[in-house]
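Engineer: A single structure is presented below for examination.
The values are calculated or read from the model by the stated rules, or taken from the named source; none is laboratory data. The shown structure was predicted, so the numbers you read here are calculated from the model rather than taken from an experiment. Because the Cβ atoms are built from the backbone with ideal geometry, glycine has one as well, and the counts that use them run over all protein chains shown. With ligands, DNA and RNA removed, areas are computed over all heavy atoms of the protein, side chains included. Shrake-Rupley method; radii C 1.70, N 1.55, O 1.52, S 1.80 Å.
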Amino acid sequence: MSAANNLTKPVATLTGIGAQTAHRLEKLGIRVIQDLLFHLPHRYEDRTHITPIGALTAGMSALIKGTIEFTDMLPKGRSSLICRISDGTGFISLKFFHYTASQHNLFKPGTVISCFAEARFGYAGLEMVHPEYKILSDPDQVITDSRLTPVYPLTDGLNQQLLRKAVKQALTLCIDDLADWIPASVLTQYNYPNLSEAIQTLHAPDESISVAALQNGRVPALKRLAFEELLAHHLTLRQTRHKTRAWQAPVFTANPSSSANFLNTLPFTLTGAQQRVIAEIATDFQQAHPMMRLVQGDVGSGKTVVAAYAAMLALTAGYQVAVMAPTELLAEQHFRNFSGWFENFQTQVLFLTGNIKGNARKNALQALADGSAGIIIGTHALFQEAVTFHRLGLIIIDEQHRFGVHQRMALREKGQQGSVRPHQLVMTATPIPRTLAMLQYSDLDISIIDELPPGRQPVVTSVIPNERREEVIDRIDSWVAKKKQVYWVCTLIEESEVLQCQAAEKTADYLMQALPNVRVGLIHGRMKTAEKDAIMQAFKQHTLDLLVATTVIEVGVDVPNAGLMIIENPERLGLSQRHQLRGRVGRGSDASFCLLMYQSPLSDTARHRLGVLRDSSDGFVIAEKDLELRGPGEVMGTRQTGQMQFKIADLARDLDLLDAVSQIGEQFFIDSPQAIQPLIDRWIGHATEYSEV
Ligand code: ADP
Ligand code: MG
C-alpha cells in the first residue's frame with residue numbers, strides 16, 4: 001500500500017481504535033490518520049524533571065517525589081483521604097475523595113511516591129487534589145520523561161492516553177509522507193522547520209523546549225504551523241472568492257431615467273465617496289458573476305442610501321432585493337427609508353419578521369413568490385425560513401460585523417436559480433484593522449466610504465466621573481430647554497438582557513424624578529417590537545426629549561436632533577462599540593456632545609481607552625487601538641472568533657504572521673494552485689464546510 005494511502009486511511013485501521021472510538025474521534029474532526037497528525041496539543045505538561053517540594057508554588061503543575069509521613073481518612077460525608085509527603089525541602093498534602101479503607105492501606109508511612117498535578121493552596125499549606133501518582137518500590141527508579149507530555153483537546157469518552165497512543169502510531173506510520181506545501185524559500189526566509197519536523201516537535205517537544213516558550217509561541221515549529229493554519233483559513237476565503245468568479249449572476253445595467261428619478265427624490269446630494277462606491281457597485285453589476293462587496297464606512301457616513309441605489313439597479317433590471325439587518329429596530333428604520341425612496345417605483349416594499357403572522361404573512365410570502373414585491377426587509381430570520389423568491393437578484397446585509405463568516409457563506413447559497421446566484425452587498429460601520437480583514441473579509445471586495453456628509457461636526461467627547469452626575473443632570477435640563485434631544489445609554493458587564501433592562505428601568509425612573517420638565521422615554525431589548533417602534537417613533541417625532549436605552553441603539557438608529565449622549569460606565573464597552581454608539585449623535589449640523597460618565601476608580605488601561613475615544617473620531621484609528629489594547633477577540637466580536645476556531649494559531653499571539661500570510665497566500669493561486677485544497681483539507685478538513693457543497 002502506498003504511503004499516501006496511509007495518511008488517508010480511516011483511524012479505525014490503527015491498533016486500539018474500534019468503531020466506537022472512531023466515532024468519538026470524528027466529533028473532534030478526526031477521520032483519517034492525517035487528521036491525528038494535525039490534532040495538535042493545546043497545552044503541555046512537564047515531567048522532564050522532578051521539582052523539589054520546597055520550590056512549589058500555587059498554580060504550578062509539577063512532578064514531585066516524596067516519602068509519605070502520615071495519612072488520614074476524613075469520614076465526614078464522603079470519605080476523603082489526606083496524605084502528607086515530604087522530600088526534605090518541604091511537605092505537601094495529597095487529597096483524594098471517595099477513598100476506601102483498602103485503598104488507604106496503599107499509602108503506608110515511609111512509602112516513596114511520585115505525583116504529578118497542579119499545586120494549590122489548601123487548609124494546611126500546599127496540596128495536590130487527585131494527583132496522578134505512582135508508588136515507587138525502588139526509590140531511585142527513573143520517573144522523568146525525556147519529552148514534554150502533550151495534552152490534547154478531548155471529547156466525551158476519550159482520554160489523553162488513548163489520543164497519545166493514537167498520535168504516536170500515526171507519527172510512526174506516516175510522518176514522512178506528509179507533503180510540505182510551504183515553499184522552501186519561505187521556510188528559509190522565516191527560519192521555519194519543515195513540516196514533518198514541526199509536527200513531530202509539537203507532539204513530542206524535547207527537553208530543549210520549555211512549556212513557557214510553547215505558550216508564548218516563540219518556538220519556530222509552532223510559528224510555522226500557526227502560519228500554515230492561518231494560511232489555510234485565508235485560502236478558504238480566497239478560494240470562495242475565486243469560485244464566485246465561475247458562478248453566474250444577472251447583469252444590472254443602469255437606466256439613466258430611473259437613476260435620475262431615484263437621485264432627484266433624495267433631500268441631499270451624494271458625497272464624493274458615496275458616488276465612488278456606487279460606481280464600484282455598478283461596475284460589479286456589469287459582470288456576469290456575483291458581486292461580493294463589503295462597504296465599510298463610519299457611522300453616519302450614509303451607507304443606507306448607497307445600498308438603496310444598488311437595490312434600485314436590481315429592481316429596474318426586473319430582480320428582487322432582500323435586505324437583512326441585525327435588529328428589528330434597524331430593519332424597521334430601513335423599511336421606512338426604503339418605502340420612502342421607492343414610493344415612485346412600481347413595486348411593493350415588504351417588511352417581514354417573526355412577529356408578522358397569519359394572513360399578513362401569507363400575503364407577504366405570496367407577493368415575494370409571485371414577484372409583486374420587489375424589496376423585502378427583515379432580520380436574519382428572513383433567511384432561516386422557507387421564503388421563496390420569484391427572482392432574487394441582490395442580497396444586502398447591514399452591519400455585517402454582527403453576522404459571522406459562516407452565516408455569510410450560507411447566505412450565498414440562497415436564492416440560487418440554476419447556476420445563477422444573487423449579488424451580495426454587505427455593509428459595516430466597524431472598520432476592521434487591515435491585518436484582521438485578511439482573515440475575515442478576504443472573500444470580499446472592499447469599498448470604503450471615507451467621507452461624512454457635509455456640515456457634520458465632530459462629536460465633542462468628554463470624560464466625566466460618576467460623582468459629577470448632578471452637573472450632567474443640569475446639562476440635560478438646559479439642553480432640553482433648547483428644544484434638543486438626548487440619549488442616555490446604560491451598559492452592564494453582564495451579558496444578561498434582563499439585568500440590563502432592569503438597570504435601564506431604574507435609570508429612567510431616576511431621571512424622571514430628577515428632571516420633571518423633561519419627557520423621558522425608555523427603550524430596551526425586552527420590549528415588544530410594537531412598543532419599541534412606538535417609543536422610537538415618539539423620539540423621532542420629538543414627543544420625547546430624553547431616551548434612556550440599553551445598547552440596543554448601538555446600530556443604525558437615526559435622530560438628527562439628538563445631539564447629546566451620555567454613556568454610563570463606558571469602560572465596560574469595547575472602543576469600537578463606544579464609537580458606534582457615539583455615532584448616533586452628530587447627525588445634525590449643530591455641534592454635538594458625548595459624555596463618557598465612568599465609575600471611578602479607573603484602571604490605567606481603562607483611562608487610556610477612554611482617552612483614545614475622546615481624542616479620535618476616526619473609526620479606523622479606533623479599531624487599530626482596540627486591537628492593540630483588547631486583542632482580536634474583542635475587535636472581531638465573539639461570534640466571529642467563536643466560529644473561527646484554530647487548532648494552534650492564536651490571533652492575539654500570532655498577529656505578526658498575518659501580513660506574510662496574505663502575501664504568500666496570493667502567490668499560491670499563481671505558483672501552486674494544486675496545493676490549496678490539500679492545505680485546506682489538512683487544517684480545516686471535514687469539521688467545517690465553509691464553501692459550496
Ligand atoms: P450609516 O452609514 O451609519 O448607515 P445612514 O445611512 O444611516 O448612515 O445615514 C446617516 C444619515 O445621513 C441619514 O439621515 C441619511 O439620510 C443622511 N445622509 C446620507 N447621505 C447623505 C448626504 N450625502 N448628505 C446629507 N445627508 C446624508
Ligand atoms: Mg447604517
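Engineer: Take Ala325 and tell me if it is within 16 Å of ligand 2 (Cβ to nearest atom), outside the structural domain of Arg587 (by TED's automatic domain parsing) and farther than 25 Å from Lys528 by Cβ.
Structural biologist: Spelling it out, it is not the case that Ala325 is within 16 Å of ligand 2 (Cβ to nearest atom), outside the structural domain of Arg587 (by TED's automatic domain parsing) and farther than 25 Å from Lys528 by Cβ.
Engineer: Looking at Ala179, Ala170 in this structure, which one is over 28 Å from the mean Cα position of the chain (by Cα) and open to solvent by 20 Å² or more (accessible area, probe 1.4 Å)?
Structural biologist: Among Ala179, Ala170, only Ala179 is over 28 Å from the mean Cα position of the chain (by Cα) and open to solvent by 20 Å² or more (accessible area, probe 1.4 Å).
Let's see how each residue does on (1) modelled with pLDDT of 95 or more; (2) farther than 30 Å from His23 by Cα; (3) not small (Gly, Ala, Ser):
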site: Cys174; (1), (2), (3): no, no, yes
site: Pro183; (1), (2), (3): no, yes, yes
site: Gln189; (1), (2), (3): no, yes, yes
site: Ser208; (1), (2), (3): no, yes, no
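Engineer: Where residues in the range 422-449 are of a type in the set (D, E, K, R) and out of contact with any helix residue (DSSP H, G or I) (no Cβ under 7 Å at 6 or more places or on another chain), which of them is least open to solvent (accessible area, probe 1.4 Å)?
Structural biologist: Restricting to residues being of a type in the set (D, E, K, R) and out of contact with any helix residue (DSSP H, G or I) (no Cβ under 7 Å at 6 or more places or on another chain), the top hit is Asp445.
Engineer: Same structure, new question: Could you tell me which numbered condition Ala311 fails, if it satisfies all but one of (1) under 26 Å from Gly586 (Cα atoms); (2) touching a residue at least 60 places away in the same chain (Cβ under 8 Å)?
Structural biologist: Evaluating Ala311 over (1) under 26 Å from Gly586 (Cα atoms); (2) touching a residue at least 60 places away in the same chain (Cβ under 8 Å) leaves (1) as the failure.
Engineer: Going through Ser93, Ser146, Ser114 one at a time, which residue ends up being of a type in the set (Ser, Thr, Tyr), out of contact with any helix residue (DSSP H, G or I) (no Cβ under 7 Å at 6 or more places or on another chain) and free of Cβ contacts under 8 Å to residues at least 40 places away in the same chain?
Structural biologist: None of the others qualify; the one that does is Ser93.
Engineer: Among Ser79, Ser93, Ser86, which is the only one that is open to solvent by 30 Å² or more (accessible area, probe 1.4 Å) and of a type outside the set (Asp, Glu)?
Structural biologist: Exactly one of Ser79, Ser93, Ser86 is open to solvent by 30 Å² or more (accessible area, probe 1.4 Å) and of a type outside the set (Asp, Glu), namely Ser79.
Engineer: Taking the range 224-239 only, how many residues are open to solvent by 10 Å² or more (accessible area, probe 1.4 Å) and β-branched (Val, Ile, Thr)?
Structural biologist: 0
Engineer: Now for a different question. Taking Ile448, is it within 16 Å of ligand 1 (Cβ to nearest atom) and either under 26 Å from His380 (Cα atoms) or hydrophobic (A, V, I, L, M, F, W, C) (or both)?
Structural biologist: So Ile448 passes the test.
Engineer: Can I ask one more? Condition first: within 16 Å of ligand 2 (Cβ to nearest atom) and of a type in the set (Val, Ile, Thr). Now tell me which residues in the range 433-474 satisfy that.
Structural biologist: Residues satisfying the conditions are Ile448, Ile449.
Engineer: Suppose we filter the range 132-160 for residues that are within 18 Å of Arg43 (Cα to Cα) and not basic (Lys, Arg); how many remain?
Structural biologist: 14
Engineer: Given the conditions (1) without any contact (Cβ under 8 Å) to a residue 40 or more places away in the chain; (2) more than 16 Å from ligand 2 (Cβ to nearest atom); (3) outside any helix (DSSP H, G or I), and given that Met565 satisfies all but one, which numbered condition is not satisfied?
Structural biologist: Exception for Met565: condition (1).
Engineer: Right, here's the next one. Would you be able to tell me the number of residues in the range 281-299 that are within 16 Å of ligand 1 (Cβ to nearest atom) and either open to solvent by 10 Å² or more (accessible area, probe 1.4 Å) or in a strand (DSSP E or B) (or both)?
Structural biologist: 7
Here is a yes/no grid of residues against (1) closer than 23 Å to Asp590 by Cβ; (2) assigned to a helix (DSSP H, G or I):
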residue	(1), (2)
Glu471	yes, yes
Asp474	yes, yes
Lys483	yes, no
Ala504	no, yes
Gln513	no, yes
Gly521	yes, no
Lys532	no, yes
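Engineer: If you don't mind, another one. Given the condition aromatic (Phe, Trp, Tyr) and modelled with pLDDT under 95, answer yes or no: does some residue in the range 250-266 qualify?
Structural biologist: Within the range 250-266 (the criterion being aromatic (Phe, Trp, Tyr) and modelled with pLDDT under 95), the answer is yes, since at least one residue qualifies.
Engineer: Here's something else I'd like to know. Can you find a residue in the range 206-228 that is in the same structural domain as Thr347 (by TED's automatic domain parsing) and over 33 Å from the mean Cα position of the chain (by Cα)?
Structural biologist: Checked the range 206-228: no residue is in the same structural domain as Thr347 (by TED's automatic domain parsing) and over 33 Å from the mean Cα position of the chain (by Cα).
Engineer: Could you list all residues from the range 575-597 that are surrounded by fewer than 20 Cβ atoms within 10 Å (Cβ to Cβ) and away from ligand 1 (no atom under 16 Å from the Cβ)?
Structural biologist: Within the range 575-597, Ala591, Phe593 meet the criteria.
Engineer: Something else about it: State the number of residues belonging to the range 282-298 that are of a type in the set (A, V, I, L, M, F, W, C) and within 16 Å of ligand 2 (Cβ to nearest atom).
Structural biologist: Of the residues in the range 282-298, 2 are of a type in the set (A, V, I, L, M, F, W, C) and within 16 Å of ligand 2 (Cβ to nearest atom).
Engineer: Further question: Does Phe389 satisfy the condition of being away from ligand 2 (no atom under 12 Å from the Cβ), in contact (Cβ under 8 Å) with a residue 60 or more places away in the chain, part of a loop (DSSP other than H, G, I, E, B) and surrounded by fewer than 23 Cβ atoms within 10 Å (Cβ to Cβ)?
Structural biologist: Yes: the conditions hold for Phe389.
Engineer: If I filter the range 300-321 for residues that are within 13 Å of ligand 2 (Cβ to nearest atom), surrounded by fewer than 23 Cβ atoms within 10 Å (Cβ to Cβ) and assigned to a loop (DSSP other than H, G, I, E, B), do I get at least one hit?
Structural biologist: Yes, there is a match, as at least one residue in the range 300-321 is within 13 Å of ligand 2 (Cβ to nearest atom), surrounded by fewer than 23 Cβ atoms within 10 Å (Cβ to Cβ) and assigned to a loop (DSSP other than H, G, I, E, B).
Engineer: Right, here's the next one. Could you please find all residues in the range 450-470 being surrounded by fewer than 22 Cβ atoms within 10 Å (Cβ to Cβ) and among the hydrophobic types (A, V, I, L, M, F, W, C)?
Structural biologist: Leu452, Val460, Val463, Ile464
Engineer: Next question. Would you call Phe338 away from ligand 1 (no atom under 16 Å from the Cβ), crowded, with 16+ Cβ neighbours inside 10 Å and at negative phi?
Structural biologist: no
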